[in-house]
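The block underneath contains the structure these notes are about, expressed in structure tokens.
The values are calculated or read from the model by the stated rules, or taken from the named source; none is laboratory data. The structure displayed is predicted, hence computed values, not measured ones. All Cβ positions, glycine included, derive from the backbone under ideal geometry; neighbour counts span all protein chains shown.
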Amino acid sequence: MEEAIRKADVLIEALPYIKKFHKKVIVIKYGGSILGEEKIRRGVLEDIVFLNFMGLKPVLVHGGGPNISERMRSSGKKSEFVDGMRVTDVETLKLVEEELEVLNAVIVKELVELGVKAAGLNGKKAQLIQVEKKKAKIDLGLVGNIVGINAEAVWDELQKDRITVILPMGASKDRKTYNVNADEAAASIAGALEAEKFVLLTNVKGILRNPEDAHSFISTLTTKEAKGLIEDNVIQQGMIPKVKACIDALKKGVKKTHIVDARIPHGLLLEIFTDQGIGTEIIQ
């Protein structure tokens, strides 16, 4: 009986959030090593299906870095990165797109098996992700800088009650294909859709003031505080592009952004539907 009452209490706590976010867009970025772990992926997709059945409009943008790097190793190609961006020649671009399309199909299939409608979109099609060649201190090759998003292409699917799954490739005005950073793509899509929330799923708890001390976890940050922590080297390495993506999404009009540990069972739901949440939220 006590367990049943506890579950009812959780549902009642979630009720105001379910009402508040009904018909609102939630953009979720999911990638890295956690995408390849089937048990974690299943849990994340179950959460996304729950959001859909609760009347929210989830959009999933996925990467596929580890899968791509493994494919390149098996093909005898070396992965080279500059500031977190994969240097991309014509052959690498082909491998990247092939791996992303495989992952996209797997995610869509698993969502459908969970009982929802889902649609996979390639960002280079229908001018969904519009890019120009990214400028950097060294030539990154076929890496795109996002200059526009065709939000209508996504809304067309959302209005059919389809969970939309987007792979981060872009196309330039001359229809040339470019590799696009998944965090940047997700933030730009969230902004273009005027999303209520932008959630980055990771394999860490969130932002810590001291990486060695789990008790130094930060539950809420403003963009100004986040920039300060980057300058002070508190936020480092792989967390920097994620935090910058959150800041960019907020600048583009997204209401709230969150960095959530996907390894926590139902972490996505806990962050969205409970008072305390479990990740780090970044706000204006």
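What the table shows:
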read-out: Any hit, the range 205-227, residues being in contact with a His (Cβ under 8 Å, 6 or more places away or on another chain) and surrounded by 18 or more Cβ atoms within 10 Å (Cβ to Cβ); value: no
read-out: Conditions (1) within 14 Å of the chain's Cα centre (by Cα); (2) modelled with pLDDT under 95; (3) among the basic types (Lys, Arg); number of the one not met by LYS197; value: (2)
read-out: One residue from VAL90, VAL96, VAL61, VAL27 being touching a residue at least 12 places away in the same chain (Cβ under 8 Å), of a type in the set (Val, Ile, Thr) and in contact with a Phe, Trp or Tyr (Cβ under 6 Å, 6 or more places away or on another chain); value: VAL27
read-out: Among (1) at pLDDT below 95; (2) surrounded by 16 or more Cβ atoms within 10 Å (Cβ to Cβ), the one test that ILE138 misses; value: (2)
read-out: Single residue of GLY115, GLY76 found to be at pLDDT below 95, assigned to a loop (DSSP other than H, G, I, E, B) and either in contact with a strand residue (DSSP E or B) (Cβ under 7 Å, 6 or more places away or on another chain) or surrounded by fewer than 23 Cβ atoms within 10 Å (Cβ to Cβ) (or both); value: GLY76
read-out: Count of the range 253-262 residues which are touching a Phe, Trp or Tyr at 6+ places or on another chain (Cβ under 9 Å) and farther than 14 Å from ILE26 by Cβ; value: 1
read-out: In the range 53-66, the residues that are buried (at least 21 other Cβ atoms within 10 Å of the Cβ) and not aliphatic (A, V, I, L, M); value: LYS57, PRO58, HIS62, GLY63, GLY64
read-out: Among residues of the range 88-112, those that are under 17 Å from TYR30 (Cβ atoms), surrounded by fewer than 16 Cβ atoms within 10 Å (Cβ to Cβ) and charged (D, E, K, R), counted; value: 2
read-out: Leading residue by the ranking (nearest to the chain's Cα centre (by Cα)) among those in the range 127-161 that are among the small types (Gly, Ala, Ser) and farther than 22 Å from THR88 by Cβ; value: ALA151
read-out: Boolean, GLU152 is free of Cβ contacts under 8 Å to residues at least 60 places away in the same chain, of a type in the set (D, E, K, R) and closer than 30 Å to ARG263 by Cβ; value: no
